[in-house]
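Just below is one structure, and these are the notes that go with it.
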Amino acid sequence: MLLDERERIAFLSVASHGSIGRASAALGMSQPTLSRIVKRLEQHLGVPLFDRFASGVALTVYGEALLPFASRIELEANHAQDEIGRLKRGTAGVLRIGAAPSLGSAFLPAILNRMVKETPDLRVEMIEGTAEILEPALIGRRIDVVMAGELSDAEDIQKLDICFEDHGAVIAAADHPVRAKERLVMADLLDQPWVLPPGGTEPRLAFESYLTGIGIKPPHIAVETWSVPMMKALVTDSGFISWLPSSLYSVEERAGFILPLDIPGMTVRRRSYVYRRRMGLVPPAVVRFLEVARAMRR
């Protein structure tokens, strides 16, 4: 066996704390005992797993290679516990899911509502973010399923046959002065104050690619923020212009506070997908989530 349970726990604790002392305190064992366990593992593998410094330790290239496998064992053990608990309680266990913000608010409520009605003691652990956040979380096994736009072609990620569609548009307050002009084009908005996600992020790059498609240089972005409530507040209260997926401002649109602007080339239909890891145990809650998502998309 590559490493036993005690070695695995010792290795992960030292790796996460970056110090034998802090790790031993967290585990409730003496430093010499923890050092012996780590040393025994290194001797068994025939390679050093940590570089030792006066201030602590750091993973070697061999330790970096071992880390995802040791972490995977820990997560799969947790999944096994969840499965055993599910069998004991007759429940669906835990759903660990990640989603892009627009998808989380647009499509997840109906799916989760159905699942919770079926299984009232289902527990959902959810994170929201862009591909830069969700992809490492999926590969690192902090979540088990993702709803997002295009992810990378990483070997451990599988795109499933479940597609969600929405559209993005340039938006402004319902009473914004630019609405007085007929046949608005993007050039009419370049001198307006804009609020968008930070540069280099997936939503910002997508926005800029749409501009490139119609031959327009990106406007000056006065405010960059990840906060969707801040974006919408600046649009409704301060005369800012933005570009957002329709699902993120649907409530304000129904209330008549925010409305899309009909800008040629800037109302774009978007497709998003469901992803999971190719390898490893699929928790029962994820299996049911995929069944419900497929049924609802049909």
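Every number in this text was worked out from the coordinates using simple rules, so none of it is lab data. All values derive from a computational prediction rather than experimental measurement. Cβ sites come from the backbone with ideal geometry, for glycine too, and all protein chains shown count toward neighbours.
Computed on region 5-70, the Cα convex hull volume stands at 75 Å³ per residue. List the residues of region 196-213 whose backbone N lies under 15 Å from a point placed 7 Å from the Cα of residue 157 along the Cα-to-Cβ direction. Within reach of a label on residue 157, which here means backbone N under 15 Å from a point 7 Å along Cα→Cβ, region 196-213 contributes 201-203. Counting neighbouring Cβ atoms within 10 Å and putting the fewest first, the residues 253, 7 line up as 253, 7. Rounded to two decimals, what ratio of Rg to Rh does region 166-268 give with C-alpha atoms and a Kirkwood Rh? With Rh from the inverse mean 1/r over Cα pairs, Rg/Rh is 0.91. For the residues 124, 47, 223, a GNM of the chain with alpha-carbon springs under 10 Å puts the largest fluctuation on 47. Rounding to the nearest 10 and keeping the result within 0 to 90°, find how far the Cα-based axis of helix 284-297 lies from the longest principal axis of the chain. Orientation of helix 284-297: about 20 degrees from the principal axis. Once Rg and Dmax of the Cα atoms in Å is worked out from the coordinates, which option in (1) 24.3, 77; (2) 18.2, 56; (3) 21.8, 79 does it equal? Here the calculated entry is (1).
With each run of n ≥ 4 DSSP H residues scored as -39500 (n - 2.57), what mean residue ellipticity at 222 nm is computed for the chain after dividing by its residue count and rounding to the nearest 500 deg cm²/dmol?
Values: 11 runs with 134 residues, N = 298.
That calculation yields -14000 deg cm²/dmol at 222 nm.
Placing a label point 7 Å from the Cα of residue 192 along the Cα-to-Cβ direction, the residues of region 225-241 with a backbone N closer than 11 Å are 235-236, 239-241. Among 249, 273, sorting on how many other beta-carbon atoms sit within 10 Å of each Cβ, with the fewest leading, yields 273, 249.
Charge tally around residue 189: other residues with Cβ under 14 Å, Lys/Arg +1 each, Asp/Glu -1 each, net +1.
Straight-line cross-link partners of residue 159 among the lysines, defined as a Cα under 30 Å from its Cα and at least 8 positions apart when in the same chain: 117.
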